[in-house]
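The values are calculated or read from the model by the stated rules, or taken from the named source; none is laboratory data. On a predicted model such as this, the values are computed, not experimentally measured, just so you know. Glycine gets a Cβ as well: all are built from the backbone with ideal geometry, and neighbour counts include every protein chain shown.
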């Protein structure tokens, strides 16, 4: 049985939080997550959940996952573990605060990303024409009551079209039985990094994906993108939304970042980060 990290990648922290919430009170999580965790725990589902699953088609999950346990040993090669820092390395007067929950999972995911062979390339592109074209397109979309387009839409679409010429960017790398393998997916599942505010005011970075974007036209992609953002903002993301991401687009430029080097997560072929648009 795969671990949550293997199935959900960088989203495993969110799923583990939901699982802990489920263990305290199964009725406190959405039904599709409850069904999923019931399968993991071997719990017989209530009849009303079974009938709902039959209607929605959510009873089948492509890959089951079990929450990771400290005593379990991973078969895949592991990155060298950092040495424990002695007391002499702690500044005088400083206190230690244990990293827990989502933050702890982020640390684990970033540490595991060091195992992935990675090459980084940086490009600076002129945006003047895109800025002008977007303004014209949005005027037409508004007249037709269509969703407004953002720069992220066009950047994502450019990535999708570039994959037609460079499909190897969608391939990923794994170790299986101690041997290196290249994974060649049958479609492009584009992950979108979305900043979401929780009820307590804290924030999570979720990375759901749009499946089969290489088979869409731009209008279909525009609506699929809008639907995914709405689901994320309203807390309606389902298990399948997190599974099978083949590459990711993240946009730290929204907070003024000019250039960044994001971490490439396991099972993904590439991660593309956009910077701020110069005025």
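Output the residues belonging to the range 246-255 that are modelled with pLDDT under 90 and in a loop (DSSP other than H, G, I, E, B).
Matches in the range 246-255: 251 only.
As an exercise: evaluate residue 208 against (1) at positive phi; (2) touching a residue at least 40 places away in the same chain (Cβ under 8 Å) and give the number of the one condition it does not meet.
(1) is the only condition that residue 208 fails.
Can you tell which of 269, 201 is over 29 Å from residue 140 (Cα atoms) and out of contact with any helix residue (DSSP H, G or I) (no Cβ under 9 Å at 6 or more places or on another chain)?
Within the list 269, 201, the selection yields 201.
Quick test of your reading of the structure: residue 180 fulfils all but one of (1) under 22 Å from residue 242 (Cα atoms); (2) outside the structural domain of residue 8 (by TED's automatic domain parsing). Name the failing condition by number.
Status for residue 180: all satisfied but (1).
Checking residue 73 against (1) touching a strand residue (DSSP E or B) at 6+ places or on another chain (Cβ under 6 Å); (2) closer than 30 Å to residue 33 by Cβ; (3) modelled with pLDDT under 90, only one condition comes out false. Which one?
Answer for residue 73: the failing condition is (1).
Can residue 167 be described as modelled with pLDDT of 90 or more and touching a helix residue (DSSP H, G or I) at 6+ places or on another chain (Cβ under 6 Å)?
Criteria not met by residue 167.
Among the residues in the range 219-233, are any under 25 Å from residue 118 (Cα atoms) and out of contact with any strand residue (DSSP E or B) (no Cβ under 6 Å at 6 or more places or on another chain)?
No; the residues of the range 219-233 include none that is under 25 Å from residue 118 (Cα atoms) and out of contact with any strand residue (DSSP E or B) (no Cβ under 6 Å at 6 or more places or on another chain).
So which of 223, 175 ends up being touching a residue at least 12 places away in the same chain (Cβ under 8 Å) and part of a strand (DSSP E or B)?
Result of the check over 223, 175: 175.
Results for (1) in contact with a strand residue (DSSP E or B) (Cβ under 8 Å, 6 or more places away or on another chain); (2) free of Cβ contacts under 8 Å to residues at least 60 places away in the same chain, shown as yes or no for each residue.
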| position | (1), (2) |
| --- | --- |
| 116 | yes, no |
| 133 | no, yes |
| 138 | no, yes |
| 141 | no, yes |
| 149 | no, no |
| 153 | no, no |
| 164 | no, yes |
| 189 | yes, yes |
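Could you grab me the full set of residues in the range 93-120 that are closer than 21 Å to residue 196 by Cα and surrounded by 10 or more Cβ atoms within 10 Å (Cβ to Cβ)?
Listed by number, the residues that qualify are 99, 101, 102, 103, 104, 105, 106, 107, 108, 109, 110.
Within the range 206-217, take every residue that is at pLDDT 90 or above and part of a strand (DSSP E or B) and give me the one that is farthest from residue 116 (Cα to Cα).
210
A quick yes/no check of all residues on (1) part of a strand (DSSP E or B); (2) surrounded by 14 or more Cβ atoms within 10 Å (Cβ to Cβ):
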| residue | (1), (2) |
| --- | --- |
| 185 | no, yes |
| 196 | yes, yes |
| 204 | yes, yes |
| 219 | no, no |
| 228 | no, yes |
| 232 | no, yes |
| 244 | no, yes |
| 259 | no, no |
| 262 | no, yes |
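What do you reckon, is residue 237 assigned to a loop (DSSP other than H, G, I, E, B) and either under 11 Å from the mean Cα position of the chain (by Cα) or under 17 Å from residue 204 (Cα atoms) (or both)?
So residue 237 passes the test.
For the structure I just gave you, tell me whether residue 155 is out of contact with any helix residue (DSSP H, G or I) (no Cβ under 8 Å at 6 or more places or on another chain), within 16 Å of residue 251 (Cβ to Cβ), surrounded by 12 or more Cβ atoms within 10 Å (Cβ to Cβ) and in the same structural domain as residue 227 (by TED's automatic domain parsing).
Considered against the rule, which asks whether it is out of contact with any helix residue (DSSP H, G or I) (no Cβ under 8 Å at 6 or more places or on another chain), within 16 Å of residue 251 (Cβ to Cβ), surrounded by 12 or more Cβ atoms within 10 Å (Cβ to Cβ) and in the same structural domain as residue 227 (by TED's automatic domain parsing), residue 155 comes out as yes.
Here is a check on your reading of the model: is residue 136 surrounded by 11 or more Cβ atoms within 10 Å (Cβ to Cβ) and modelled with pLDDT of 90 or more?
Spelling it out, it is not the case that residue 136 is surrounded by 11 or more Cβ atoms within 10 Å (Cβ to Cβ) and modelled with pLDDT of 90 or more.
Filter the range 16-46 for residues that are in a loop (DSSP other than H, G, I, E, B) and surrounded by fewer than 16 Cβ atoms within 10 Å (Cβ to Cβ) and give the result.
25, 30, 42, 43, 44, 46
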